[in-house]
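Single-structure report; data block below.
The values are calculated or read from the model by the stated rules, or taken from the named source; none is laboratory data. As the structure is a prediction and not an experimental result, all values here were calculated from the model. We place every Cβ from the backbone using ideal geometry, glycine too, and count neighbours over all the protein chains shown. Calculation scope for accessible area: heavy atoms of the full protein, side chains included, ligands and nucleic acids excluded. Shrake-Rupley method; radii C 1.70, N 1.55, O 1.52, S 1.80 Å.
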Amino acid sequence: MSKVIITVAPTGAWPSKKDNPAIPFTPKEIAEDVLACWKAGAAMAHLHMRDDNGQGTMCKEKFKETVALIRESCDIIINLTTSGDLNATDETRMEHLTEIVPEVASYDCGTMNWSHNSVFYNTPPFLEKLGNHMRELGVKPEVEIFDAGMVYNSFHYLKLGVLKAPIHYQFVLGVPGGMDATVKNLVFLQSLIPPDATWSALGVGRGHIPIMLTALAMGGHVRVGMEDNVYIDKGVLANGNTQFVERAARIIGEVNKTPATPAEARAILGLGKPGGDK
Ligand code: ZN
């Protein structure tokens, strides 16, 4: 694979302005940042919203406003979180999808202890509801994997018909409560997935660069941005999301690959087929 999809995750639900003042929070800030990241080579934007106090929210009005601004400015693939607030209900985790119909949305394939302080619920009934809802809308799930059991969960939902092949996986490594961001873990996880699957990976913290380099060496795609990392280097805060995208694009070039355009990423991920059956 010579084309590499760079996904930017500019905001997330957790990092605060105290962690890094450059994190975009408002719809306008997020949309402007995403446009700059698209210019720097990002083909997909994974979006979370913040409320007026800076807390993660599933407020669909914020999602609608942000997505409208982005769609006016560029053709980046929109990938919406379904997990932007641990207190959200099953319904508020899905209703923004109904109104916006993004091309991609996250599908967190199991429940886990989150950062040693809370529980990230993705119950069996919710995963069935969410998968069926996304399939009916034609939204492609990005199956997020935090540990190996979640890969096996994805096979269960594939067998049930809740998920459809080929699956697109995002390996999210280095979150406390999940698998650590190590090369061995990524190699192991990637060995489990079906041959027709596409995949991307990210490492939080120290594992950011090793996971990116390993994903590139193994033919995967990459995710960068301040949802996952607020430091661009040890002890050095990033000055914005574009700094991460620019570095990823540079590294991709160094290994004789090129960042996929949104159109190329759509082809790789099988998005945009007629009939709404993406
Ligand atoms: Zn996210």
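Quick notes
- When you count the other C-beta atoms within 10 angstrom of each residue and take the mean per peptide, 76-83, 106-113, 248-255 line up highest first as 76-83, 106-113, 248-255.
- Region 130-230 - percent relative contact order, Cα under 8 Å, separation 6 or more: 23 percent
- For residue 47, residues with placed amide H under 5 Å, excluding near neighbours: 79, 80, 81
- Label separation (residue 2 vs residue 152): 4.0 nm, computed from points 7 Å beyond Cα along the C-beta direction.
- Taking every C-alpha pair closer than 8 Å and separated by at least 6 residues, the mean separation divided by the residue count of region 3-273 gives a relative contact order of 24 percent.
- Computed over region 1-151: relative contact order in percent, which uses C-alpha pairs under 8 Å that are six or more apart: 19 percent
- Cα-based shape type of region 168-272, given that a ≥ b ≥ c are square roots of the gyration tensor eigenvalues and the cut on a/c is 1.5: oblate
- Per atom type, region 72-212 shows carbon and sulfur on 56% of its accessible surface, probed at 1.4 Å.
- Given +1 at the Cβ of Lys and Arg, -1 at the Cβ of Asp and Glu and no other charges, the dipole of region 3-273 around its Cα centre is 600 debye to the nearest 20.
- Charged neighbours of residue 83, selected by a Cβ distance under 9 Å, balance to -2 (K, R count +1; D, E count -1).
- Count, lysine Cα pairs under 18 Å in region 1-80, 8 or more residues apart or across chains: 6
- Largest-first principal axis extents of the Cα set of region 59-188 (Å): 41, 31, 28
- If you sort the three axes of the alpha carbon gyration tensor as a ≥ b ≥ c, you get a/c under 1.5 for the chain, which makes it rounded.
- In order along region 16-24, the Karplus-derived 3J(HN,Hα) couplings, from 6.51 cos²θ - 1.76 cosθ + 1.60 at θ = phi - 60°, round to 9, 5, 5, 5, 7, x, 7, 5, x Hz, and Gly and Pro are given as x.
- The distance linking region 168-203 with region 107-127 is 17 Å (Cα centroid to Cα centroid, whole angstrom).
- The count of lysine pairs in region 98-198 whose Cα atoms are under 18 Å apart, excluding pairs fewer than 8 places apart on the same chain, comes to 5.
- Under-5 Å amide H pairs with residue 199, H placed in peptide plane, nonlocal only: 169, 221
- Derived scalar couplings between HN and Hα for region 167-181 equal 7, 10, 9, 10, 8, 9, 10, x, 7, x, x, x, 6, 6, 7 Hz in order, rounded to whole Hz, by the Karplus curve 6.51 cos²θ - 1.76 cosθ + 1.60 (θ = phi - 60°), x for Gly and Pro.
- Across region 96-110, computed HN-Hα scalar couplings (Karplus, 6.51 cos²θ - 1.76 cosθ + 1.60, θ = phi - 60°) run 5, 5, 4, 7, 9, 6, x, 6, 9, 8, 6, 9, 8, 8, x Hz from first to last residue, x flagging Gly and Pro.
- Paired Rg and Dmax values of region 58-111, which use every Cα atom, in angstrom: 11.4, 36
- Under 5 Å, built H, 5+ apart or other chain: amide partners of residue 108: 144
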